[in-house]
1. Which members of the stretch 146-164 meet the condition of being free of Cβ contacts under 8 Å to residues at least 40 places away in the same chain, out of contact with any Lys or Arg (no Cβ under 6 Å at 6 or more places or on another chain) and not acidic (Asp, Glu)?
2. Taking only the stretch 21-33 into account, find how many residues are of a type outside the set (D, E, K, R), assigned to a loop (DSSP other than H, G, I, E, B) and on the phi < 0 side of the Ramachandran plot.
3. Spot the failing condition for residue 67; the list is (1) under 29 Å from residue 209 (Cα atoms); (2) in contact with a helix residue (DSSP H, G or I) (Cβ under 6 Å, 6 or more places away or on another chain); (3) among the β-branched types (Val, Ile, Thr), and only one is missed.
4. Can you tell which of 99, 58, 105 is within 15 Å of the chain's Cα centre (by Cα), crowded, with 16+ Cβ neighbours inside 10 Å and not in a loop (DSSP other than H, G, I, E, B)?
5. Of everything in the stretch 72-95 that's aromatic (Phe, Trp, Tyr) and outside any helix (DSSP H, G or I), which residue is nearest to residue 229 (Cα to Cα)?
6. What pairs come out if I take residues in the stretch 83-94 that are farther than 13 Å from residue 232 by Cα and pair them with residues that are among the hydrophobic types (A, V, I, L, M, F, W, C) and modelled with pLDDT of 95 or more whose C-beta lies under 9 Å away, six or more apart or interchain?
7. Considering (1) over 16 Å from residue 108 (Cα atoms); (2) assigned to a strand (DSSP E or B); (3) in contact with a Pro (Cβ under 8 Å, 6 or more places away or on another chain), say which one residue 209 fails and leave the rest.
8. From 130, 135, 149, grab the single residue that is in contact with a Cys (Cβ under 8 Å, 6 or more places away or on another chain) and of a type in the set (D, E, K, R).
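The values are calculated or read from the model by the stated rules, or taken from the named source; none is laboratory data. Please read all numbers here as calculations on a predicted model, not as lab measurements. As a convention, Cβ positions derive from the backbone with ideal geometry for all residues, glycine included, and neighbour counts pool all protein chains shown.
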Amino acid sequence: MNIALIGYGKMGKSIEKMAIEKGHQIVSKINYPDFEPNELNQADVAIEFTQPDMAIANIKKCFEANIPVIVGTTGWYEDYPSIKKIALDTNQTLFTATNFSLGVNILFHINEKLAQIMNQFPQYNVEMTETHHLEKKDHPSGTAATLAEGILNNIDRKSTYVGLIDPPSHTSNPLELQIKCNREENVPGFHQVTYASHIDEIKISHNAINRQGFTQGALMAAEWIYNKKGVYTMNDLIQF
């Protein structure tokens, strides 16, 4: 399979290495915003890991080139409904995920099941922590937002979530799910959900040791959508 990499930072280089090991070809490495759609012409699929302010334009260029695109960038999802509509209306292929790691997607599933159980026990307050590398722009992270949505959809006593960067200057609201966002050097990603009462705590978490889990999932998505049309997520690729 011929792959175009849109974004050639840490993730792009990790994807390149694993893709070549699996016998794929990297036919384009784009690390600048003003590329032309025809630069993707040799690719069977594009994998996009850039910045939130670049993602939408990059996706549209893939559509213009008629190239399926896997999007790992987060922080642009307020525009997801319109991008999804464009993809469906123009018969394009879009695969998005707030996190491509198999382990994280297992955590998403466990998180929803646990929230359904904990909805019965209002004595437990729920909060979250997420830690990423210093270059991570969005807070909370896309992964944390997905975890938060899984909680809000199942916990009646929480109605919204808020990301707090240290030091937090925020008045506590019992209806808010607070997400403490930490940025440290060389942290691929850590996410934890904590339910705490005055007598005990229940915690579930995922700690990424390196980026290989994200890389593996992105390549799995690329292989899976080959010759498909439509809009997909990790829920289509991994069915529990």
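1. Of everything in the stretch 146-164, those that are free of Cβ contacts under 8 Å to residues at least 40 places away in the same chain, out of contact with any Lys or Arg (no Cβ under 6 Å at 6 or more places or on another chain) and not acidic (Asp, Glu) turn out to be 148, 157, 158, 159, 160, 161, 162, 163.
2. The qualifying residues number 4.
3. (1)
4. Result: 105 is the single residue among 99, 58, 105 that is within 15 Å of the chain's Cα centre (by Cα), crowded, with 16+ Cβ neighbours inside 10 Å and not in a loop (DSSP other than H, G, I, E, B).
5. 95
6. 86/59; 86/63; 86/94; 90/63
7. (2)
8. Just one listed residue meets the conditions, 130.
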